[in-house]
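K.L.:
Dropping the structure in here first, questions after.
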Amino acid sequence: MTTAIRPTTPAPVRAGLKGVLISLALAAAFPGFVAAAEPPLPAPVTADTVLALPRLSLSEAMVIALEHNTDVRIARGEERIARNGVHIGNAGLLPKVSAVSALSWQDPGRGGQLTLVESTVASAQLQASYTLFDGFGTYFTFRRLKNAGALGTLRARQKIEDALMEVARAYFDAADSQEQLRTAGKGVEISEERLRRARLRAEYGQANTREVLAAEVDRNNDRVTLLNARLKSEQSLRALNVLLSLPLGERFALADTAEARPAAPLDTLRAWAHESNAAWLVKRREVRDSRFALLQSRSDHYPEIGLEAAWGLSRYAEGHEPTLEGSSPGASGSVSLSWPIFNGRQSAIKSENARIEWLNSRIAEERAASELERQLADARRAWENSRRVLGFEEKNIEAARLNFDRTRELYVLGQADATTFREAQLNLINAEKSSASSRYDLRLRELELRRLTGRLLRPVEGGADR
């Protein structure tokens, strides 16, 4: 005797089916109940919605950043500090002039010597001193100050370029977020249309309940994607406003309309970088500074010749008379020579340490050259890879759009099921998202090449995208 074994449905599945049946019953009996339970749908995001906002191009964002970005303003302040130090007086090449006055009073007192009397000495002088020769120490100090001024300008430029790259990354991130938001809005519109058709077909008996539920689930998933895309767009736009020192609530339609240019050959990029790259030029200036420091340290082995001159009034009077009335003018001058013979080898140690620092700076320069070569090669290769990826992504959009249009026609005619339609929809949405991200990634790679070759600020200062 054979006993038939009936498959059993697990308890969680039975509970889920029971819930679905209850929901269907409620929907049939009380249509308004289900509609009221649904969360409100955000306003659809279309191209017209974004175009209604004021447009902000990348070049305009960079111009605003050059004027208002906090890092840029700090960098320019540091540059002014470095430039203010470039002065011959700061190097000790100008004489020093001082006004000196003195007043002394002497009272021998009762127990003092009988030969001493109460007296007052008053004087007022103009004194001038000048170092005529110090082993060229002041000369190389001035050379170091000039080099420090140029070094401050280069470091400020380097910080400004880093700030502009941060603005560019924030701009492209916000622009990409707006693209993702528009794409998510299109996905919701397509899913809404699919759910509407599924409900109509179900009313006429051409579709079952499972198809309606699947369409509703996909619609809800797309609405979640839309909400997350909207949040990401708002956050990225606020981050851009912070970098531009604009109000957080400011809204723009971001559109970088500049066409991608072919990158120059690697040899050309290398020549441009060695000519204008800010980080590389900073290293070279640091080598020069250490060389001047070495030459300056050797000045301690030479004699120092100084000149001093003074002119003033002086008066000696008995008693307590702190005035210059009746004083006699006088002048004095002197020439001094000092030559350190032995100072505990301090000068020798100072010179040796300066020589070691100079050698270390040359080693750092060699390392910077190798690092620049690597960065150029990586950036050039990354740009080429991004360009190829964008080409494939654009082809994917064409294929995905044709596939979706054809699948939608078949779905309307009832010749394609919901799974095939959903797959075509997701393929189109993902292709559009990937294409937008690839396009902005290529532009960012191009800007990185411009930064490495020292040409990032040129289009911004010219007021054009290119």
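The values are calculated or read from the model by the stated rules, or taken from the named source; none is laboratory data. On a predicted model such as this, the values are computed, not experimentally measured, just so you know. In this analysis, Cβ positions are derived from the backbone assuming ideal geometry, glycine residues included, and neighbour counts consider all displayed protein chains.
K.L.:
Given the criterion farther than 28 Å from residue 172 by Cα and out of contact with any strand residue (DSSP E or B) (no Cβ under 8 Å at 6 or more places or on another chain), identify the matching residue among 216, 234, 250.
P.N.:
Step by step, each of 216, 234, 250 is checked, and only 216 is farther than 28 Å from residue 172 by Cα and out of contact with any strand residue (DSSP E or B) (no Cβ under 8 Å at 6 or more places or on another chain).
K.L.:
What residue, of 251, 238, 230, is in contact with a Leu (Cβ under 8 Å, 6 or more places away or on another chain), in contact (Cβ under 8 Å) with a residue 60 or more places away in the chain and assigned to a helix (DSSP H, G or I)?
P.N.:
Step by step, each of 251, 238, 230 is checked, and only 230 is in contact with a Leu (Cβ under 8 Å, 6 or more places away or on another chain), in contact (Cβ under 8 Å) with a residue 60 or more places away in the chain and assigned to a helix (DSSP H, G or I).
K.L.:
On the basis of being assigned to a helix (DSSP H, G or I) and closer than 30 Å to residue 301 by Cα, does residue 349 make the cut?
P.N.:
Here the answer is yes, as residue 349 does meet what is asked.
K.L.:
Just name the residue that is surrounded by the fewest Cβ atoms within 10 Å (Cβ to Cβ) out of those in the stretch 119-140 that are touching a Leu at 6+ places or on another chain (Cβ under 8 Å) and not in a strand (DSSP E or B).
P.N.:
Once the filter is applied, the top-ranked residue is 136.
K.L.:
Would you tally the residues in the stretch 198-210 being in a helix (DSSP H, G or I) and either surrounded by fewer than 20 Cβ atoms within 10 Å (Cβ to Cβ) or more than 51 Å from the chain's Cα centre (by Cα) (or both)?
P.N.:
7
K.L.:
If you don't mind, there's one more thing I want to ask. Go through the stretch 254-301 residue by residue and tally those that are under 22 Å from residue 364 (Cβ atoms) and part of a loop (DSSP other than H, G, I, E, B).
P.N.:
1
K.L.:
Additional query: Which of (1) out of contact with any Asp or Glu (no Cβ under 7 Å at 6 or more places or on another chain); (2) modelled with pLDDT under 95 does residue 456 not meet, given it meets every other one?
P.N.:
Of everything listed in (1) out of contact with any Asp or Glu (no Cβ under 7 Å at 6 or more places or on another chain); (2) modelled with pLDDT under 95, residue 456 misses just condition (1).
K.L.:
Look at the stretch 406-424 and say how many of its residues are surrounded by 12 or more Cβ atoms within 10 Å (Cβ to Cβ) and assigned to a helix (DSSP H, G or I).
P.N.:
Number satisfying all stated conditions: 12.
K.L.:
Can you pull out the residues in the stretch 158-179 that are under 19 Å from residue 74 (Cβ atoms), surrounded by fewer than 21 Cβ atoms within 10 Å (Cβ to Cβ) and of a type outside the set (Asp, Glu)?
P.N.:
If the condition is that a residue be under 19 Å from residue 74 (Cβ atoms), surrounded by fewer than 21 Cβ atoms within 10 Å (Cβ to Cβ) and of a type outside the set (Asp, Glu), then 158, 159, 165 are the ones that fit.
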